[in-house]
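The values are calculated or read from the model by the stated rules, or taken from the named source; none is laboratory data. These numbers come from a predicted model, not from an experiment. Virtual Cβ from ideal backbone geometry, glycine too; neighbours counted across all protein chains shown.
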Amino acid sequence: MSEIDSTGPAGKRILIIDDEPLIRRALSDYLTDRSYVTTTAADGAQGLSEARKGQFHAILVDLRMPRVDGLEVIAALKAEQPELPVVVVSGTGVLSDVIEAQRQGAWDYITKPIRDMDEIAVVIERVLERARLRAERDRYHGEMEQLNRLLEAEVDRQTQDLLAQNRELMALNRASYAISTPLDLDTMLNRAIDAAISATEGDGGMVRLLNPATDQLVIAASRGLPESYLASARAIPLGEGVIGQVARSGRPRGGRDFANDVWLAPLNEEFHSYLCAPLRAGDEIVGTLGIVMRAERGFDDHKIGLLANIGNQLGVAVARIQYAADLERANVQLEQANAELRRLDTLREQFIQNVAHELRTPLALVHGYVEMLAQGGLDPDERQVALNVASRRVRGLVDLVESITTLQDLDRQPLRIEQVAPAELIRTAIQMAEQQTVATGIELRRECPPDIDSFPGDFTRLAQALYQLLDNACKFSPDGSTVTITVQETPDTILISVADKGIGISPEEQAHIFERFYQIDGSASRRYGGTGLGLAIAKEIVEAHGGTITVQSSPGEGSTFQLDFALSLVDILESRGYQVEIAHSAQAAQEKVQDFDAQVALLDVRLRRTSGIDLIASLEEIRPGILCVTMTAYAAMDTAIEAIRRGAYDYLQKPLNIQYLLASLERCFEKLWLESEKDAAEKTLRQRNRELGLLNRVGRALNSTLELSQVLVAVLEGVRRLLNIVACSIWLIEPETNELVCQQTIGPHSEVVRGWRLAPGEGLAGWVAHSGESLIVPDTQADERYFEKVDQQTGLALRSVLGIPLRVKDNVIGVLQVTDSEVDRFRPADLALVEALAASAASAIDNAWLVESLRERTTELQARNKELDAYAHTVAHDLKGPLGPIVGFAQVLAEDYATIPPQEARRYLYTIAQNGRKIGSIIDELLLMSGLRNIETIEMEPLDMASIVGEAQQRLFYEIEESQAEILLPDAWPAALGYGPWVEEVWVNYLSNGIKYGGRPEENTRPRIKLGFDEWANGRTANGEPDTDAISDSQFAHSSIRFWVRDNGPGLTPDERARLFTPFTRLGPKGGGEDYVRGYGLGLSIVRRIVEKLGGQVGVESKVGAGSMFWFTLPAQRG
């Protein structure tokens, strides 16, 4: 059938199927006169044929026809064209035929003989209108389904877009965090590559940095690339290959052609696509960032833009780090150079002055005596004196040269450590100094016990040090005096002292006498001579052995210089700050490391009963990570190789060079420090991986649901697992009030906090929502913004707070707040981590809201569809019910009025009038319901409730009379606000309902209906009892008046009360009688809409067997 329209009968095609020619013609002529287009058929078979050929708007069919009767026609048409209206025109007068026809699919019926042809027009118009309504309903359903599909598709698309944007934002956030966090260059580059791989959905990446000196790009960091490629990768000249061209042009490039690029070809077998972006710092290109992908989809323009963005950020960070490193390196080098220049300049001046003085004086004397000897004229004694003086001065010059040479050797040659016998050392030093005492008669006395222990040192250097002290003592001592060298032994040290009876040294001079080239000022220094190197040489030799040199002296009382040497290598190491334990055998060493946290073991290769090399494995087993350094007097290379092969970290040869030993220990502890740093970095990396894993799980949880409550719980659980905190909560902004509402929280006393409201800007959460900025509060007690009610109500004493705004695009929708009872609990890294989670949470919450809105819209559409179906059903059935008796009784009166007794005729007319009123009432209520939906606001006015109730009673006069209902009214009514016509409809519906359901027919009890009122405030009646059956949950700031209608009916079950106040809902018949009460389900739904429009509530209180009380509230009139 063609689409039904509502333009009237013009052009509508009607098929008439009847075996009586006169009826066919009469119907055709009549309908043609009414502007219909008709087609006729003489029997059922012809009618079906015509119906299948043409497009008709309605069909009139007789039931009794030859071959194919009307019922068969109806059944066939219902199967083939279910939306085609079929009207039965029957003269059988058998009710069962009509019922069967309607069961088969007939839409309406007309009884023959047709007394009034206008009845035909009414029926056809009715079925056409019904068909139009059904077509409109189907079209509406189709549009709703299409709209739902479009909305679902749009939600899916937006969700995917938001998820993609969320992933990109998280990746960019990680990249920005990695780049902006102060880190060393390698760590920053690796983190940036990880972020770039995540952002572009790649599988590997590499950063090459440009070497300006060579114009080559060198690999600085990589992730996910084959080791074989990295091992063979070379520096790429600027401009060569894709990578070199990107660095030269400054434009990103991507592609799939690995084979034609010699620098990318090794990656061809494992990867499918590549993408390279420049690292740009302003106008300068500092390197490239490349990503490779195994999947065939490749990189789109969006991914290229993302990588270029990361490359720009990374380029600036790299340039910044490089510039800072270059600047720091240059500053250090410059400072070192300046210091060195100053030192060298000072030394040069001192050296020139001292050496010039020390050379000038003896050379002048030697020159003078040589000239005197050359000129002759000296007697033999004078010649001998001249020769002795010249010889002594030349020896002084030799000593000066040797002192300078000794200083050079101290700077260049390391010590050679061996066991030094103190007695032999002193004997050698005295022999070296004896020549200085020949002319002065100074006695060199030694006091050294013969059994004194030896100690580790460099014999030659120590003898030089003692010689310098003896020479210095002889130089400043009077002729014929004594210089004493004494050796003493303590449990830990050897003490060697040199004492003279010379001129002494003032306290001021004592602070400088050990400096190179320093000489005591005044005539004394010039008189005694010297370069100022002797004491400096002695001090440097002693300190190189780990010893100390001190002086005790007073002017005019002589001086004593004391040397303090450690007796063993242990003492030397302990003097350097090392903790040392000694083991004299392999077994003792194994026992020692079980209790002593040894980090380095110095092992002699030759131990009793075993080898130090064999001990390495057992020590490493007992103390994993210990570093072993072997020591031996053997110079064989195979011994060193075997020690290294068996696990030794270093190898030293005896006699030990103390500098070499200390350098080896420094390398050992540097390696241990590096390993410790590596372990810490790995721990940090594992923690980061854990955090990323948790973020990933939270992300999957957020993507797996669109239920807001589940989204909130997933976010909070994720935060708690990430940070291991006491409590956290999500506060969302309520659009109507702009208040923050705690929607979900986890932690102790969550039920107390959930549902709390904060005014705009109130508390830390309010500040975050207002400013749109994240917040770290180390101690809430020191922050006046803190909302102290939390502690008062929960007793938690929260001290640290993280606040992160939940942002969707540029709008803050709420706050994620993380709290802990520990002061200063959170760090910037925690904030960055939760910010990444908050970005996903905000998108998920927004999606959940969107889906919730869609569901509400869908529910609303479904409710309207249901109302539309019920409306069509009401029109088709409830209007039809009263029409049947009206038509039937009217027809009887028209045919047999003269023979019907007056009383019977009045009953017929009363029935017609009663059913007419029912039809009018239905139509009025349908119109009122439709009008209510379109009215947004209504002007409230004072009500004359007595007059309104009176009008309602007048409208129900016939129902009250028929049911003999008793109506009880109060003496006076309170002043309330509302809209009179609407309130009248409420009373009419409540009273009508009470009349229908009041009374007990089985007990011959008539309806008794009582009207009344009471005070109503915030969901409670005047007696303070809450009402449990109120429909609306809204609360009122002002008092209201509750009006009610109480009946004496059978009462309602809880299930029946729950189904009231919804459109087209009808309860079962009263008193068990099938036809005792009939309704069309509109009244109470209209009541609800009216009262809610007026700002009130509706409800019912009822118990089975005790009647019902229907009520509604209105605002009370004040003043």
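Below are the figures for this structure:
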quantity	calculated
Residue match in the stretch 195-208 (condition: in contact with a Ser or Thr (Cβ under 6 Å, 6 or more places away or on another chain), over 29 Å from ALA681 (Cβ atoms) and modelled with pLDDT of 90 or more)	no
Qualifying residue in the stretch 211-233 (condition: of a type outside the set (A, V, I, L, M), over 25 Å from ALA836 (Cα atoms) and in contact (Cβ under 8 Å) with a residue 40 or more places away in the chain)	yes
Count of residues meeting criterion [free of Cβ contacts under 8 Å to residues at least 40 places away in the same chain and closer than 30 Å to ASN657 by Cβ] in the stretch 461-490	4
In the stretch 287-305, the residues that are aliphatic (A, V, I, L, M), crowded, with 22+ Cβ neighbours inside 10 Å and out of contact with any His (no Cβ under 7 Å at 6 or more places or on another chain)	LEU289, ILE291, VAL292
Some residue of the stretch 820-836 being part of a strand (DSSP E or B), touching a residue at least 40 places away in the same chain (Cβ under 8 Å) and in the same structural domain as GLU717 (by TED's automatic domain parsing)	yes
Only listed residue being in a helix (DSSP H, G or I) and either of a type in the set (Phe, Trp, Tyr) or crowded, with 22+ Cβ neighbours inside 10 Å (or both), chosen from ILE16, ILE124	ILE124
Residue within the stretch 53-62 that is of a type in the set (Asp, Glu), within 15 Å of ASP18 (Cβ to Cβ) and modelled with pLDDT under 90 present	yes
Test: residue in the stretch 503-514 that is in a loop (DSSP other than H, G, I, E, B), at pLDDT below 85 and in contact with a helix residue (DSSP H, G or I) (Cβ under 6 Å, 6 or more places away or on another chain)	yes
Any pair with Cβ under 7 angstrom, 6 or more apart, that starts in the stretch 764-783 at a residue that is within 15 Å of SER729 (Cα to Cα) and not assigned by TED's automatic domain parsing to the domain that holds ALA838 and ends at one that is modelled with pLDDT of 90 or more and among the hydroxyl-bearing types (Ser, Thr, Tyr)	none
Selection status of VAL292, in a loop (DSSP other than H, G, I, E, B), farther than 15 Å from LEU209 by Cα and either in the same structural domain as GLY315 (by TED's automatic domain parsing) or touching a Lys or Arg at 6+ places or on another chain (Cβ under 7 Å) (or both)	no
Number of the condition not met by ALA727 [criteria: (1) at pLDDT below 85; (2) among the small types (Gly, Ala, Ser); (3) crowded, with 20+ Cβ neighbours inside 10 Å]	(1)
Which listed residue is free of Cβ contacts under 8 Å to residues at least 60 places away in the same chain, assigned to a helix (DSSP H, G or I) and either touching a helix residue (DSSP H, G or I) at 6+ places or on another chain (Cβ under 7 Å) or aliphatic (A, V, I, L, M) (or both), from LEU63, LEU27, LEU48	LEU48
Check on LEU802, over 30 Å from GLN687 (Cα atoms), in contact with a Cys (Cβ under 9 Å, 6 or more places away or on another chain) and buried (at least 19 other Cβ atoms within 10 Å of the Cβ)	no
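Residues checked against (1) modelled with pLDDT of 90 or more; (2) hydroxyl-bearing (Ser, Thr, Tyr):
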{"residue": "ALA701", "(1), (2)": "no, no"}
{"residue": "LEU706", "(1), (2)": "no, no"}
{"residue": "THR737", "(1), (2)": "no, yes"}
{"residue": "PRO748", "(1), (2)": "no, no"}
{"residue": "ALA759", "(1), (2)": "no, no"}
{"residue": "TRP767", "(1), (2)": "yes, no"}
{"residue": "PRO778", "(1), (2)": "no, no"}
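Here's the yes/no breakdown for (1) touching a Phe, Trp or Tyr at 6+ places or on another chain (Cβ under 6 Å); (2) part of a helix (DSSP H, G or I); (3) at pLDDT 85 or above:
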position: ALA79; (1), (2), (3): no, yes, yes
position: GLU83; (1), (2), (3): no, no, yes
position: ARG115; (1), (2), (3): no, no, no
position: HIS141; (1), (2), (3): no, yes, no
position: ARG149; (1), (2), (3): no, yes, no
position: GLU152; (1), (2), (3): no, yes, no
position: LEU162; (1), (2), (3): no, yes, no
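For every residue, the table says whether it meets (1) in contact with a Leu (Cβ under 9 Å, 6 or more places away or on another chain); (2) small (Gly, Ala, Ser).
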position	(1), (2)
THR32	no, no
LEU48	yes, no
GLY54	yes, yes
LEU71	yes, no
LEU84	yes, no
